Each structure stands twice: as structure tokens, then as C-alpha cells.
Amino acid sequence: MIQMQALHKSYWRGGSELPVIRGIDLNISAGEFVAIMGPSGSGKSTLMNIIGCLDLADRGEYRLNGERVSGAPSSRLAELRGQAIGFIFQSFNLIANRSALENVALPLLYQGIARDERISLATQALQRVAMLDRASHQPNQLSGGQQQRVAIARALVNRPSLLIADEPTGALDSRNGDQVMQLFNELHNEGHTLVMVTHDPLIGERADRVIMLHDGMVI
Amino acid sequence: MNRLRVFIELTGEAVIALWQNRLRSLLSVLGIAIGIAAVMTVSAVSSGGKQFVLKELETFGLRSLWVFRDYKEKDPQSRVRDSSGIDSRDLKLLKGACCPAVKRLSPVLLAANRPIVQNGNRYSSAQLKGVDANYTGINNDRLTMGRGFQPGDIKGRRPVALIGETVSQDLYPQSENPIGRDLRIGGRRYQVIGVLEYKSRDLLASIGSDGGEDANNRILLPYTQVQQMNGNQQVSYLQAEAVSIAKAEQAADQLRLALQRRYRGSYQYTKITLASYLKTVDRILGGITAMGVVAASTALLVGGIGVAGIMSTAVVERIREIGVRMAIGANRRHILFQFLAEAVLISLAGGMAGLLFGLLLGGTLDLLTGFPLMPTLGGVLTGLIVSVLVGLASGYYPARRAADFLPVEALRRE
């Protein structure tokens, strides 16, 4: 599903080049549950952003489902994010003042799906994460764990081929974190492909495969 | 179809965002509303003012023109000079082929002396005018009762009179119908056959532009009668109606040239056309309107800057939301459209509120002052289009900024 070859990415700070990804080769197959780990500054967030089509590599090749992502126009990247990828963030990133149901339905709006179908699909997704009883609650009326489950429903609603999670338990206590990880394991068992960034070894353990990054390279 | 639906739904998203910041949205709506109301009031005042002046000018007939001898001319041949330069025997010629731009024409004679006008012991200070049967039509005079002059009244030199409102009140008790009654002018008896409708020239009189005559204190007589009073065949001046307002100058020149040819240059003639007054009115009101529009546009500009400021603030506050929307599939056009829609909606709402406000204001002024303030349909449409344009102009830069964020950058902001 994911094929990367000789991927490079640098940032420019005050006129000097700061290499972040320094030649990564990586393959992830459909159905895998992969954890990307490494100390801060190792480039794992940047790698995740590139996998998630939020950012582009400078050099090297990245193919998602066989499609060459490197060099695609920004409108195509937006399409891929909307159709093939579901994002889960450390800080949930739900839109304030909008109900859980509206938040979950929002990705479908950008795909031009009619309102009735949006509500029905969002309801299904909320049911999947056992949050249907909170559908009309706003984010500030939900606990962190609940918010993250709503965010997972939002990531699932477009039936993406790839779920990407950035420190999904980083803002949660261990009990809620466990619940989220439990959910990830279930989604994995249902056949979803998951890529998760974490620095917590206990969380990383629950994945099939751990990719360790150090100074922008896989070790 | 699906693409169109996205943009329709994004307009809904814009409405929700505006509703969630109601107070702020309302204030920016108000800014635009004041600007639009100001622009609209200016245009209503200018069109109302024009109507107002036009209504008074209509009492002369908008296609009217006057031709009379120019008494300032030099006299190269030392001819007899104490003539008006127009004779009733010229009329046949002037009504003929010489002057195709003239639709109809009437001689006007002023009485050489000022005879006493009376009915028993009631007196009138009316001005006497001798005219023919065309005159009331040219001069836009209507009758409240009775009949106008017939050609037979003129040819037969019948002792009949048309009187103005003031004359009617001065000479006859209110209970009495003046039609068929007598009045005496310089001892001669005339029969009243019609009463002229009241004419308002208050504005013109107040700026001294009523030609020095009180339109309601007039007595019209067959010009043949006045010639008999004066003891000669002269005509004081000609009043004519051109075939159109645009042809008024041409018509007046045709009459002048025909007279100059007939008298072989013995007299010079001059003209006045109402059309030239119309132009002057347009020029003055145009100048006032232009100044008003500049002032009102400044108010609108300030409103637009307000919208731009509010939208810039909204973009900064919502960077993270923008990032999230991008992460779940929004492209740059979607983001641009949503913020632009917010600005245009604010502005359009302001436009509509401004129009409503302007209508109320105009209506109130109309009731209070009687000054007609009528916004035109064109003015209303222009107001709405302008408010949409203001929204696009003031929203474009902030929306563009929002759309140009890289998704990773937007998500990183707190």
C-alpha cells in the first residue's frame, strides 16, 4: 500500500538547511498495523505528514496505493486526504461549537455527498466507536477519551484505506488511552491499515511492526 | 453536480460561522448598511430633487420655447424702433413650412396699459395675456371648469376670458360658479368661460425664476381682443412647442430666422427654451449628487475595510480549523470560497439592511417635508450589486491568506 524510496525532506531555518528525513525506504502492506517510533526530532512527525499527504518530500518517491504522490498538485493531495486517508490527532482537533455528529459528517461534505447520506454515514461511524449516545454533544461537553473516539469516527467516515494516528493517546490518561488502543486493535482486526506515530514503547508494542527512526533514518 | 453541492454546502458553513460570531457579524453588517444607506439616500435625494424641479418646470410645458425681439441689438439702418418686431400677420407664415421643428405656436400679447379688472366692487390685480387657442396646450394649462378657447373665439374677437384660481377667488364669492359670469376689464365686459387649474411654482418663485408672473393670477383673453385694446397689430412674443425636447433649440432658431428674413434683418430676435433650463437643472443636481456620492462612498469604503478587518481576524483565529478542514479533504478553493462567502454574506446582508434603512429614512423625510425621495429600481439593484462587490473586494485578501496556508503549517498553529 505504501512504497517509499530514498525519501528526503529538509526544512530551511534562517538560510541553513536542516535535514529531517534523510533517505528513507519503507513499505507498508494493506492490513498492517505499524508504529513509527523514535525520539523527538527523529523525523517521525514529518514522515507521518508525508505519508498522510499533508506535506511533500523534497526528493525520492512515495507511492500510495500505487499512485505517485510526490509531485501531485495540491488539489489531488486534498482529494487523497479526503478519500484515501483518515487522520487522528493527538489533540483531537474537533471543530468547536459543532456537534459530534456534525464533526464526523464534515469530511463527507467535501466529497459532495448529500446531507441525508452524510448523516446516515456519520451515525454509522459514531455507532462503530460507541459514541452514538453523544451524537448531539459539542466537543467541550465530552471527555478527552470521548473526543478522541469521535475523532476516530470522523477518520473512519470516508471508509479510507489508510488510518494515520499522531500520538493518539498522548493527551489521554491510561484508562482512556487503553480504550483507544483497544479500538485500534479492533479496527486492525477488521482489516484496516493503521500507521501510528508514538514515543511510548507500551503503545508501540501493540502494533504488528515497529519502525524506529533516528536522525531521519530508519534503524 | 457533486461539486456544485460542495459549494452550496460551504455557503451553509459560512452562515453557521457567522451565526456563531453574531455580535461581530452584526457590527460589520451595520458598517456596510450605513454606507449603502448613505449612497441610497444621496441617489434618492438627487432623483427626488430632480422630480421636484421638473414638476414645476412642467407648468411651462417641457417642450416650450419663447422667441422675442432682442432689444439690445444695434440699429444699423436707424429704422423705426418702437415695435415688438412681431406682427399678427406674421403668424400665418410662422405656422407654415418655415419651421418644421415647431409643433404649434401661439402669439402672446401683454396689455400696453394696466386696465382695472373688476366685478362690481371686487377687484383683481391679475396680469392680462392675449393668446390664441393653442396657448393652453403649449403652456400645460388645464381647466378645472368650463372650456378653453376655440379658434372661433379668436377669429371672432369674442369678449371671453379664462381666469386663474386667484382671480376667481378675488372676483367671485366662494359659493359662486364663475363660469358664464361677467367681469370688466377697463370698462369692457367679458364673459368667463373657464378656470385654469392651480399651478405650483413656489420653488421657482423663491429663486426668482418664475419669470416674474404669478401663474394663478392670470387672465387669458383672445389676442385679438388685446390687440384692439392696444390699438395695433403687434405681438409681444411667441410661445411655441417643439416637436420634442431635443428639437427645442432648433425650433426656436427656425422661428428666429424666419422672422429675421421676413423683416430683412431690421430686428434681431432672441430665444429661451425650457430645454436649456432642464440642462442647467441636470448640471446643478449632477454636481450636488457627485459630491454626495463621494461622501457616501467614503462611508461604504470604511464599512468595507471593517469587513476586511473582521475577516482577517477570523482567519487568524481559525487557522487550526482551516488545517483540520484541509486534513479531512478540503482543497484551497474550498477554503477560499468559504471565507469569501462569509465576507459576501456580511456585505449583502448589510446591503439589504442599508436599502431598508434608506427606504425608511426616505419615507420619513418624504412624510415630514413633502420632498419626494424615491429610490429607483435601478438604484436598489445597484446597491445590492455594489454590496456584493464590496464583500468580494474586502474578503478576497483574508480568504486568499486562509487558502494559501500549507496544511502542516495550519495544523501546527495553536
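None of the figures in this text is laboratory data; all of them are computed from the coordinates on show. Source: prediction; values computed, not measured. Cβ placement follows ideal geometry from the backbone for every residue including glycine, while neighbour counts extend to all protein chains displayed.
Comparing mean-square fluctuations of B:L128, B:L109, B:L365 from a GNM of chain B with C-alpha springs under 10 Å, the top value falls on B:L365. Residue order for A:D178, B:D132, fewest other beta carbons within 10 angstrom first, comes to A:D178, B:D132. Were the residues from B:L406 through B:S84 laid out at 0.36 nm apart, the gain over their Cα-Cα distance would be 107.1 nm. Here the calculated FRET efficiency for A:R209 and B:T270, from their Cβ-Cβ distance with R0 = 60 Å, stands at 0.05, rounded to the nearest 0.05. Candidate cross-link partners of A:K44 among the lysines, defined by an alpha-carbon separation under 22 Å and a same-chain spacing of 8 or more, comprise A:K9. For A:A96 and A:A130, the difference between the fully extended length at 0.36 nm per residue and the C-alpha to C-alpha distance is 10.2 nm.
What separates the Cα centres of segment B:226-289 and segment B:123-181 is a distance of 24 Å. Between A:N65 and A:R22, the distance separating the two model label sites (each 7 Å from Cα on the Cα→Cβ line) works out to 3.5 nm.
Backbone amide hydrogens, once placed in the peptide plane, bring A:G60 within less than 5 Å of A:H8, excluding anything fewer than 5 places away on its chain. Across chain A, Cα pairs under 8 Å and at least six residues apart give a relative contact order of 31 percent. Highest GNM mean-square fluctuation, chain B, Cα pairs closer than 10 Å: which of B:A38, B:A295, B:A215? It is B:A295. In this label model, A:Y11 and B:S125 are separated by 9.5 nm, measuring between points 7 Å along each Cα→Cβ vector. Pairs spanning more than 26 Å between alpha-carbon atoms, out of B:K155/B:K199; B:K50/B:K95; B:K199/B:K271; B:K55/B:K92; B:K103/B:K279; B:K72/B:K103: B:K155/B:K199; B:K50/B:K95; B:K55/B:K92; B:K72/B:K103. Can you tell which of B:I16, B:I310, B:I154 shows the greatest fluctuation in a Gaussian network model of chain B with Cα springs below 10 Å? The residue with the greatest mean-square fluctuation here is B:I16.
Footprinting exposure proxy ranking of A:K44, B:K103, B:K155, fewest other C-beta atoms within 10 angstrom first, gives B:K155, B:K103, A:K44. Of the trypsin sites (Lys or Arg not before Pro) found in segment B:306-414, those in coil by DSSP whose Cβ has at most 13 other Cβ atoms within 10 Å are B:R413. Fully extending the segment from B:S206 to B:D282, taken as 0.36 nm per residue of separation minus the present Cα-Cα distance, adds 25.5 nm.
Mind checking the mean number of beta-carbon atoms from other chains within 10 Å of the Cβ atoms in A:113-122? Could the numbers behind the result be given before it?
Details: counts 4, 3, 3, 0, 0, 1, 0, 0, 0, 0.
Mean inter-chain Cβ contacts per residue within 10 Å come to 1.
Phi angles across segment A:46-51 convert, under the Karplus curve 6.51 cos²θ - 1.76 cosθ + 1.60 with θ = phi - 60°, into 3J(HN,Hα) values of 4, 4, 4, 4, 5, 4 Hz, Gly and Pro given as x. Based on DSSP H segments of at least four residues, each scored -39500 (n - 2.57), chain A has a per-residue ellipticity at 222 nm of -10500 deg cm²/dmol.
Phi angles across segment B:287-296 convert, under the Karplus curve 6.51 cos²θ - 1.76 cosθ + 1.60 with θ = phi - 60°, into 3J(HN,Hα) values of x, 5, 4, 4, 5, x, 5, 4, 5, 5 Hz, Gly and Pro given as x. Here's how it looks for B:N134: its modeled amide H is under 5 Å from none belonging to a residue 5 or more places away or on a different chain. Scanning residues 5 or more positions from A:G86 or on other chains, those with amide H under 5 Å from its amide H are A:L162, A:L163, A:I164, with H placed 1.01 Å from N in the peptide plane. In order along segment B:220-226, phi translates into HN-Hα couplings of 9, 10, x, 4, 4, 5, 5 Hz, rounded to whole numbers, per the Karplus curve 6.51 cos²θ - 1.76 cosθ + 1.60 with θ = phi - 60° and x for Gly and Pro.
Judged by the mean number of other Cβ atoms found within 10 Å, the most tightly packed of the peptides B:183-196, A:143-156 leads the ranking A:143-156, B:183-196.
If only the Cβ of Lys and Arg carry +1 and only the Cβ of Asp and Glu carry -1, the dipole of chain B around its Cα centre is close to 1180 debye.
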